[in-house]
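Student: Once you've had a glance at the structure underneath, I'll fire off some questions.
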Amino acid sequence: MKKLLLSSYRLRLLFRGVFLLLGLATLGLALSVLQQEKQLSYNNYQTNFNKTRNQILATLRHPAGQLALLNPRSVTLDGAVAEDRAVLHPLLLPFSALDFDDQSKVQQAIAMSGCLVQYGDHGSLCVGIGNNPWAGGFIYVAGSFNSAALVSRPRGQMVRDEAHRIRVSVALRGEHYQWIAPFEEEPAIKGNVGLRGRWVGFVESEIAKPNLRPVRDFRGWAWQKSICNDSDKDASTVVKLETKNDDCLRHTFFSLRLPIAVLQEALFEKKRPVWPPQDLDQIQVELSVLAPGSEIALLDSRSVPTATPFSLHDLHTMLLPGEGLTIRKASDKKDIIQLLGKIEQEEDSWNLLTRLIRRLPVDEYDTPLVANDLISTPLDNYEINLKGDVRSISKSLSVVATRVSWFVGGMLLALLLAWLLIEINIIRRITLLTKRAATLSRTMKGSGELDQLDVSDLRSPDELGVLASALHDLLRRVKEDVERETIRTEQEKQMWHAVGHEIMSPLQSLMVLHQTPEDQSHRYISRMQQAIKVLYGSATPTEAFQTTVLQLDEIDLHQFLAHVASNAPCIGVNDVEFIAPATLKPQQKNSMVKADEYSLEDVVTHILKNADRYRPKGSAIRIHLTIDEVCAVITIHNRGPHIPEAMLEKIFEYGVSDQLESGANGNRGQGLFVAQTYMAKMGGTIKAQNVEDGVSFILTLMLGVK
């Protein structure tokens, strides 16, 4: 049947399968190209990811990166630095202290650390503290500015505005320190070209006092070049410093060490001082360089800077789109910054195509790209966690794939058009014919429904049209045969009903003549009436027996079998012996079962009649009763030939008999079928079993009330 079903769809499967394979081959080719491109893109991304990692690590290991790690800046969600850029706060330097007396060392230190804040083209400032608390509670300030030749303050005189001076103030923890430091020139050192001098610091609030002495721990130096910044001022580009009143601007570098008493006192309050100070970002430093006789600042820290020191936020530009960078302290596992690579706006692509590309298998694609490294600083170690984002590969590739998909779509469209031409002209007509025939085959119940198969729209001169016409003619002939068979079946059913009606009337008369239940004829007439009622009005005997509803009652199986054995000669079966159990246990004396008396007698009678046909002449049929705790077993045994093993279960099917030619004598192959049906309705079982000298039928019924 499966082969026939497949054959009916063979032509449609052939055409559709060919075009399906062509479409799949086109899609497979496109997917194969996309997979290869994805693999190449992933390999390139891995290379760029490693480059980004190495670049970030190299930056953070540099003193400028160390400065950024030691001084993380708070970053808002949009990436802007959440800090007042016009206010200076000391930075924790990656050095224990600054050698502020040595120009070259100071310049090298602040250049490497990248702490300088630029003000315009010719001004810069670096404010910081050392990473070693025992170096003293000092704030270091270094920077540069442009000015004319520095004017020195005569030593021993009061602090006035006749010299260049620096005004610097520090505010922290409710305290405010403010100094004014005029410039005092130092004698020139042999071999050095330029001007060199000190910044002598005084407490600004005490400058009016007589015999004022400078602050001892306040130290400062200034080094001014002898070369003018503007070469047009002098043909030789060198103006001697003896010319004090020229307007030639020169580059001046300076360094300061500011003593902060609050920080110094805090160092000795505990055995292990907290360093850097927890309020480091709240310390405010202001500095201005003033020219002689003027309050106009040559360099003012309150102006908005043009460039700030390198910060961790600047690592954002190194990240590829979608990459995430997290930096945390190793000591407390606290994140100090989280950055995400900017995802650039790309061309539109199909979302479905992007999902498809993400599902394409690529070697190691599912393995997360994560790099964990450790950066050591003088104060703590920092964990660097860099995560890659392979989704950007799929998104960028999907943009290219979207453009290429138009060519693939054109090829698929051409295949679709070719398939539609064949589908409409051939496959559609085959499908309609097949569906109509299959629907008729499933739902047909009478000859009148054959007219449902309308093939008038499928007729044509081609091969399919000829087939539809031939099928129509064939169904017309079948309809005529079905109508004749229906008429014959209806006539047989009416005759069966008539026969049943005519038999019921004499049986009613006999029942009146034998009304006494003790009369043996009454019992057999009742069984005949029940059999007629079961079969009367049914289309087939199997439906009649299977739909019968039995009236179950409690009967004594011991008395019932004894009665059946004694009355067996009345049905033409002689020498029937009932063998009751010789000994019974006390709890097994009750042999009551739930059963229909007449139906159970029909079961035993059918088995006895079958045994009578096959037993040797003169041999006995024995009925054994066995009762255990839950059920009663009836064994009907007769000597004779064995039943073939293949037929032991089949003999209980309707119509199975080896004497079908004697159906007029009652051998229609339904006796054992009736026996099995009635036993099942009474909750029992029946089976046939070959024994040594013959055949045994074993009936099992559940015991009733004990």
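Bear in mind these aren't lab numbers, they're just calculated from the coordinates by the rules spelled out. Because the structure is predicted, anything quoted here is derived from the model rather than measured. Neighbour counts are summed over all protein chains in view; Cβ atoms, including those assigned to glycine, are modelled from backbone coordinates with ideal geometry.
Student: Within a 10 angstrom radius of the beta carbon, how do Ile166, Ile189 rank from fewest other beta carbons to most?
Tutor: Ile189, Ile166
Student: If I take R0 = 60 Å and measure r between the Cβ atoms of Asn372 and Ala208 in this structure, what FRET efficiency does the formula 1/(1 + (r/R0)^6) give, to the nearest 0.05?
Tutor: 0.45
Student: A follow-up question, please. Cβ neighbours within 10 Å, averaged per peptide: list 481-490, 565-574 in order, most packed at the top.
Tutor: My ranking of the peptides, most packed first, is 565-574, 481-490.
Student: Listing Thr402, Thr439 from the residue with the fewest other Cβ atoms within 10 Å to the one with the most, what is the order?
Tutor: Final ranking by Cβ density, sparse to dense: Thr439, Thr402.
Student: Let me ask something else. With a point put 7 Å past each Cα toward its Cβ, work out how far Arg61 is from Lys617 in nm, to one decimal.
Tutor: 11.9
Student: Taking the Cβ of each residue in Glu645, Glu206, Glu286 as the centre, tally the other Cβ atoms inside 10 Å and list the residues starting with the fewest. Each step should come with its number before you reach the end.
Tutor: Details: Glu645 8, Glu206 12, Glu286 17.
Listing Glu645, Glu206, Glu286 from fewest to most nearby Cβ atoms yields Glu645, Glu206, Glu286.
Student: Once fully extended, how much extra length lies between Arg216 and Asp575, figured as 0.36 nm per residue of separation less the alpha-carbon to alpha-carbon distance?
Tutor: Length gained, Arg216 through Asp575: 114.7 nm.
Student: Sticking with this structure for a sec: Mind giving me the nanometre distance, one decimal, between the label points for Glu645 and Phe15, set 7 Å out from Cα along Cα→Cβ?
Tutor: 5.5
Student: Which one of His176, Ser301, Phe268 has its Cα pushed farthest toward the positive end of the charge dipole of region 83-309, where Lys and Arg give +1 and Asp and Glu give -1 at the Cβ?
Tutor: Positive-most Cα among the choices belongs to Phe268.
Student: Can you tell me the dipole magnitude for region 83-309 around its Cα centre, using point charges on the Cβ only (Lys, Arg +1; Asp, Glu -1), in Debye to the nearest 20?
Tutor: Approximately 700 debye in magnitude.
Student: Gain in length, Leu417 to Asp121, computed as 0.36 nm per residue apart minus the alpha-carbon separation, to one decimal in nm?
Tutor: Here the segment from Leu417 to Asp121 would lengthen by 99.4 nm.
Student: Here is a further query. Quickly rank 62-72, 178-188 as a protection proxy: mean count of other C-beta atoms within 10 Å, highest first.
Tutor: 62-72, 178-188
Student: Using the beta-carbon distance between Arg403 and Ala25 and R0 = 25 Å, what value does 1/(1 + (r/R0)^6) give for FRET efficiency, to the nearest 0.05?
Tutor: Values: r = 22 Å, r/R0 = 0.86.
Calculated transfer efficiency: 0.70.
Student: Ok, one more. Tell me, what is the FRET efficiency for Asp99 and Asp380 to the nearest 0.05, using R0 = 41 angstrom and their Cβ-Cβ distance as r?
Tutor: Once the sixth-power term is evaluated, E becomes 0.95.
Student: Additional query: Starting with the highest mean, order 415-427, 591-603, 212-224 by the number of other Cβ atoms within 10 Å, averaged over the residues of each peptide.
Tutor: Ranking the peptides 415-427, 591-603, 212-224 by packing returns 591-603, 212-224, 415-427.
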